[in-house]
1. Could you identify the single residue in LEU155, LEU138 that is among the aliphatic types (A, V, I, L, M) and modelled with pLDDT under 95?
2. Residues that are part of a helix (DSSP H, G or I), at pLDDT 90 or above, charged (D, E, K, R) and in the same structural domain as PRO39 (by TED's automatic domain parsing): does segment 74-86 have at least one?
3. Please verify whether ILE4 is in a loop (DSSP other than H, G, I, E, B) and under 16 Å from the mean Cα position of the chain (by Cα), treating the condition exactly as stated.
4. Within segment 33-67, track down each residue that is touching a strand residue (DSSP E or B) at 6+ places or on another chain (Cβ under 9 Å) and part of a loop (DSSP other than H, G, I, E, B).
5. Can you name every residue in segment 95-110 that is of a type in the set (Asp, Glu) and assigned to a helix (DSSP H, G or I)?
6. Within segment 63-82, is there a residue that is among the hydroxyl-bearing types (Ser, Thr, Tyr), surrounded by fewer than 15 Cβ atoms within 10 Å (Cβ to Cβ) and within 30 Å of LEU49 (Cα to Cα)?
7. State whether the residues of segment 126-137 include one that is β-branched (Val, Ile, Thr), exposed (fewer than 12 other Cβ atoms within 10 Å of the Cβ), at negative phi and more than 20 Å from the chain's Cα centre (by Cα).
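The values are calculated or read from the model by the stated rules, or taken from the named source; none is laboratory data. The structure displayed is predicted, hence computed values, not measured ones. Every residue, glycine among them, receives a Cβ derived from its backbone with ideal geometry; neighbour counts consider all protein chains shown.
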Amino acid sequence: MMTIGAVAGAHGLRGEVRFSSCLVGHLDITNVQEVILVPPKGAPENRRLMGVRRGPKGYMLKFEGVDSREDAERLMGAELQVDAALLPPAEVGEYYWRDLVGLKVETVNGETVGTVKGLIPGGGHDLLVVDTGSREALIPAVEPIIASVDVEKGLIVVDAPEGLLEG
């Protein structure tokens, strides 16, 4: 199973939820029918996905048995997991979070920054959480700051503006 994102909040009055993706780039989940919801507290549960529609800021999802705003609000923060075989491969220039965690990060000058230990979803862009050894650096996962990503070599090269990596 693979975590693909989380419930970001309720949408409307009929039980739809906003979905925050764990993919840097675009994610097509229109072919996914079954998910596992993993709430921040409580036991994971299987849910049938009854509807998926794309909104201006991402996906709106409708789950079986979630019929009101209150039902949807109870799912806030729950992670969505799916069988990774159901997902399309990431397109060129797009990455699943799981592919980035553990990669080394260095500057365009070859200076070591640290290792990606996680990502934080954001409204405008996601942030790489990089362990520098002495602290955590938050690096926006956007061009031109991310100069290159080479999953095969295990390396992300950043062209950080002055002050971004200073702590």
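1. Result: LEU138 is the single residue among LEU155, LEU138 that is among the aliphatic types (A, V, I, L, M) and modelled with pLDDT under 95.
2. no
3. no
4. Correct list: GLN33, PRO39, PRO40, PRO44, LYS57, GLU64, GLY65, VAL66.
5. ASP99
6. Yes, segment 63-82 contains at least one residue that is among the hydroxyl-bearing types (Ser, Thr, Tyr), surrounded by fewer than 15 Cβ atoms within 10 Å (Cβ to Cβ) and within 30 Å of LEU49 (Cα to Cα).
7. Within segment 126-137, not a single residue is β-branched (Val, Ile, Thr), exposed (fewer than 12 other Cβ atoms within 10 Å of the Cβ), at negative phi and more than 20 Å from the chain's Cα centre (by Cα).
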